[in-house]
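Notes follow once the structure below has been shown.
The values are calculated or read from the model by the stated rules, or taken from the named source; none is laboratory data. Here the structure is a predicted model, which means the values were calculated and not measured. No Cβ is skipped: glycine too gets one built from the backbone with ideal geometry, and neighbour counts run over all protein chains shown.
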Amino acid sequence: MTATRDIPKVELHLHLEGAAPPAFIAGLAQEKSVDLSGIFDDAGHYRYTDFNDFLRIYEAACTVLTGPQEFYRLTRAVLEQSAAHGVVYSETFLSPDFCGNCDPAAWAEYLAAIREAAEDAERADGIVLRGIITCIRHFGPEQAKRAALCAQETAGEFITGFGIAGDEMAGKPRDFRYSFDLAREAGLRLTAHAGEWGGAVSVRDAWRDLGVERIGHGVQAIDDLALVDELAEAGVVLECCPGSNVVLGVYPRWDAHPIEKLRARGVKVTVSTDDPPFFHTTMSAEYDRLAETFGWDADVFAEINRTALDAAFCDADTRARVAKRLESQDT
Ligand code: ADE
Ligand code: ZN
């Protein structure tokens, strides 16, 4: 098989701030004289104990991402990494909460910087980026409406989706229906984190109550085979991030991860890194582990990438352009 690094890849589930290399955040902290030493271990990696602590450290790292220029630099750094691992098309979660606290005018400026970085990265590395505005579940439904208003105002060629991340145990999907309805009416495609922590019922709730076409993670659907069959039948796409799930302890080992069982039962699964430096992963590392653990070969990876591209929230011209890169098997 071609080295996994050289397989052209489509990644659908990547948090922009969560992809910030620790050295990048440490550098910004130094520039701004902010003491963030507590969020790193002795080796300079992010340090956290469990999922809630991960969210806390994540938000602490975001405190030095204070302006559009920081997001320009972040976007370039992240896309350079992604492209180096064969990613030709990426969708990134963007949270206006971390970009001027959901103020629409501030958000427009942050977004302009992110888009400029995406255009420069496309010219430099050939990687195509689209953005999914993401509200944060544990910030509550009122704050989510503010994020949704930012989404509504900036929906278009680059901002193509709306979603929800954060603590899945906080509130219910239906609490966020207003925001999802607003985003849908603005023409945005929808995804929601579910079934990472909240079990199969959380997947069902997000799918039914928010009308999403993709589920972030969704892997705990495996505990309800009737639901698995319904997801397969309806063509709902799961944005699986196995390395993230293993490091955060959703599953104890790679061979206990349900991605292959879900695929074998007909569910559309895709592969992403979620927050790569937090989980010491890359897209090639994910592919290596999937090949090693489940025997996935070039044909399976081609199928996964085709599924991801079909489910991508981009326009038809972009999809056709990226499809050519996938077919060429040449990053
Ligand atoms: N935000 C960043 N990474 C996340 C994850 N794995 N689950 C929920 N929210 C997140
Ligand atoms: Zn995620």
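Residues checked against (1) over 16 Å from Cys99 (Cα atoms); (2) β-branched (Val, Ile, Thr); (3) in contact with a His (Cβ under 8 Å, 6 or more places away or on another chain); (4) modelled with pLDDT of 95 or more:
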residue: Ile132; (1), (2), (3), (4): no, yes, no, yes
residue: Cys135; (1), (2), (3), (4): no, no, no, yes
residue: Phe139; (1), (2), (3), (4): no, no, no, yes
residue: Glu142; (1), (2), (3), (4): yes, no, no, yes
residue: Ala151; (1), (2), (3), (4): no, no, no, yes
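Would you call Glu157 assigned to a helix (DSSP H, G or I) and either modelled with pLDDT of 95 or more or under 19 Å from the mean Cα position of the chain (by Cα) (or both)? It is false that Glu157 is assigned to a helix (DSSP H, G or I) and either modelled with pLDDT of 95 or more or under 19 Å from the mean Cα position of the chain (by Cα) (or both).
Identify, from the list Glu70, Glu59, the residue that is within 22 Å of Glu109 (Cα to Cα), under 20 Å from the mean Cα position of the chain (by Cα) and surrounded by fewer than 19 Cβ atoms within 10 Å (Cβ to Cβ).
Going through Glu70, Glu59 in turn, the sole match is Glu59.
Residues in region 272-317 that are without any contact (Cβ under 8 Å) to a residue 60 or more places away in the chain, of a type in the set (Val, Ile, Thr) and closer than 30 Å to Ala155 by Cβ: Ile304 alone.
Of the residues making up region 2-13, not a single one is away from ligand 2 (no atom under 16 Å from the Cβ), outside any strand (DSSP E or B), without any contact (Cβ under 8 Å) to a residue 40 or more places away in the chain and among the basic types (Lys, Arg). Kindly establish whether Val212 is within 16 Å of ligand 2 (Cβ to nearest atom), touching a residue at least 12 places away in the same chain (Cβ under 8 Å) and touching an Asp or Glu at 6+ places or on another chain (Cβ under 9 Å). Judged against the criteria, Val212 is not a match.
Do we find a residue being surrounded by 19 or more Cβ atoms within 10 Å (Cβ to Cβ) and either part of a loop (DSSP other than H, G, I, E, B) or within 14 Å of ligand 1 (Cβ to nearest atom) (or both) anywhere in region 19-41? Taking every residue of region 19-41 in turn, at least one turns out to be surrounded by 19 or more Cβ atoms within 10 Å (Cβ to Cβ) and either part of a loop (DSSP other than H, G, I, E, B) or within 14 Å of ligand 1 (Cβ to nearest atom) (or both). Given Ala147, Ala124, Ala151, which one is in a helix (DSSP H, G or I), more than 21 Å from Arg189 (Cβ to Cβ) and either of a type outside the set (Asp, Glu) or without any contact (Cβ under 8 Å) to a residue 40 or more places away in the chain (or both)? When all the criteria are applied, what remains is Ala124.
Given the criterion over 28 Å from Gly86 (Cβ atoms), away from ligand 1 (no atom under 15 Å from the Cβ) and either in a helix (DSSP H, G or I) or in contact (Cβ under 8 Å) with a residue 24 or more places away in the chain (or both), identify the matching residue among Phe176, Phe180. Answer to the selection: Phe180.
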